[in-house]
Amino acid sequence: MSVTLDELKQELAQGKLRPAYLLAGAEALLRDDALAALREAVLEPGSEDFNLDRLTGNETTPAIVEDAIGTLPVMAVRRLVILNEPEPRRGSAKELLEALASMVAGLLEQEQTVLVVTAAKVDRRSRWFKAFRDPAVVVACDEPDKQREIVKFVKAEAQRQDVSLGPGTAEALAEQVGGQLLVLRQELAKVALLAGEGETVTRTHVAESTRSVAEQP
């Protein structure tokens, strides 16, 4: 099972927390936004020093991850364990990946710890990936490859930044920038400054402000 970032946020707004999440995909902005939403939902204010562990795949072992997962929350209902890139390019990763599948399975019956794994690239045929089944979930963080998906992101981002867009503005910005979501976020903020506070951003503003980056890596 997989959900989008919007679907994840809807679940969190409804108070639904899952025991384990895999934020998988090459779009770093989506992974970062999903992680930020989960941190806010899981951790109580001021509890991060005691109830947050951040681990990196090439610097950790199964025992360290298991210890972090098994630690009880301190003066809070839940704690958060974040594991970044569990598939590092080294042979010793195999032991961690094999153990991770069992760890996820073991989390499904408890509520004290939420595990979040982030990965830009993942072997979707692997046992550990398939372990993120309901009630755990995969959050799809793939780069958008269709124009309508990019336009949808621009419109949602404009709403988040409280920017008013004129007709065709989202489409023009998507055409100029392409699917680079972080650049889109930055360019939207820039063009809004050009238009002026409270003013509607138009295609003309986009043409004046935004360089064509759609073909750049």
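Number of residues in region 56-101 that are among the polar types (S, T, N, Q) and within 18 Å of residue 23 (Cα to Cα): the value is 3. Taking the listed residues 202, 169, 113, the one that is under 27 Å from residue 83 (Cβ atoms), touching a Ser or Thr at 6+ places or on another chain (Cβ under 9 Å) and among the polar types (S, T, N, Q) is 113, with no other qualifying. Annotation: of all residues in region 133-164 being part of a helix (DSSP H, G or I) and polar (S, T, N, Q), the one that is surrounded by the most Cβ atoms within 10 Å (Cβ to Cβ) is 147. Residues in region 73-94 that are modelled with pLDDT of 95 or more and among the hydrophobic types (A, V, I, L, M, F, W, C): 80, 81, 82, 83. Whether a residue is open to solvent by 30 Å² or more (accessible area, probe 1.4 Å) and either in contact with a helix residue (DSSP H, G or I) (Cβ under 7 Å, 6 or more places away or on another chain) or in contact (Cβ under 8 Å) with a residue 60 or more places away in the chain (or both) was assessed, and residue 130 does not pass this test.
Residue count for region 178-212 satisfying the condition of being surrounded by 14 or more Cβ atoms within 10 Å (Cβ to Cβ), touching a helix residue (DSSP H, G or I) at 6+ places or on another chain (Cβ under 7 Å) and of a type in the set (S, T, N, Q): 3.
Rundown of residues vs (1) part of a helix (DSSP H, G or I); (2) over 16 Å from residue 58 (Cα atoms), yes/no style:
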{"site": "109", "(1), (2)": "no, yes"}
{"site": "118", "(1), (2)": "no, no"}
{"site": "124", "(1), (2)": "no, yes"}
{"site": "129", "(1), (2)": "yes, yes"}
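Just for region 10-41: of the residues that are part of a helix (DSSP H, G or I), farther than 21 Å from residue 180 by Cα and not acidic (Asp, Glu), which one is least open to solvent (accessible area, probe 1.4 Å)? Looking at residues that are part of a helix (DSSP H, G or I), farther than 21 Å from residue 180 by Cα and not acidic (Asp, Glu), I get 38.
Which residue out of 209, 164 is hydroxyl-bearing (Ser, Thr, Tyr) and at pLDDT 90 or above?
Going through 209, 164 in turn, just one is hydroxyl-bearing (Ser, Thr, Tyr) and at pLDDT 90 or above: 164.
The values are calculated or read from the model by the stated rules, or taken from the named source; none is laboratory data. Everything numeric in this text was worked out from a predicted model, so none of it was measured. Note: ideal-geometry Cβ built from the backbone for every residue, glycine included; neighbour counts use all protein chains shown. Accessible surface areas use protein heavy atoms only, side chains included; no ligands, DNA or RNA. Shrake-Rupley method; radii C 1.70, N 1.55, O 1.52, S 1.80 Å.
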